[in-house]
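I have placed the structure first, in the form of structure tokens, so that the comments after it can refer back to it.
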Amino acid sequence: MSARRDARPAVKAGTRVRFRDVTWQVVALAGQSIHLVGPDGGGEAVLAGHLFADPGFTVIGADVPQAAPKWGLFETAPAAAREKALAWQRHVREVECGLPDGPGSEGRCGRSTTLHGIRWLNGSRPRRRS
């Protein structure tokens, strides 16, 4: 087993894994097949997708990845980065919704009454020609 920093553990020859509630040792990798040897010396070839999909599959001796904080990663960012992100928040909402966080928007996300920044002078949209 080899584990890179901030990455998932890799399965390679010599790695010990838990599969079907039994501890196995990986002895060979061939394409999508992973060849395992059990504690009693019996062997088995398993497709990688089947092995990794097992609910009890774990790489023995691997570091457990740390879970993200309950309230997200925003609170864990440095203060300067949070301020920079909040400065862009109004612009992002305007691009997504068409309304800035100004008077009359009150969190509403809908179409603006303008077309390309120009309001219709007579208060109605032009009639479609037939």
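Taken together, the values in this text are just the output of simple stated rules run on the coordinates, not laboratory data. These figures come from a predicted structure and were not determined experimentally.
Database remark: amide H of F19 closer than 5 angstrom to the amide H of W24 (H placed geometrically; neighbours at sequence offset of 5 or more, or on other chains; Pro and chain starts carry no H).
Close amide H pairs (under 5 Å, H built 1.01 Å from N) link I34 with V46, L47, A48, residues at least 5 positions away or on another chain. Scanning residues 5 or more positions from A62 or on other chains, none has an amide H under 5 Å from its amide H, with H placed 1.01 Å from N in the peptide plane.
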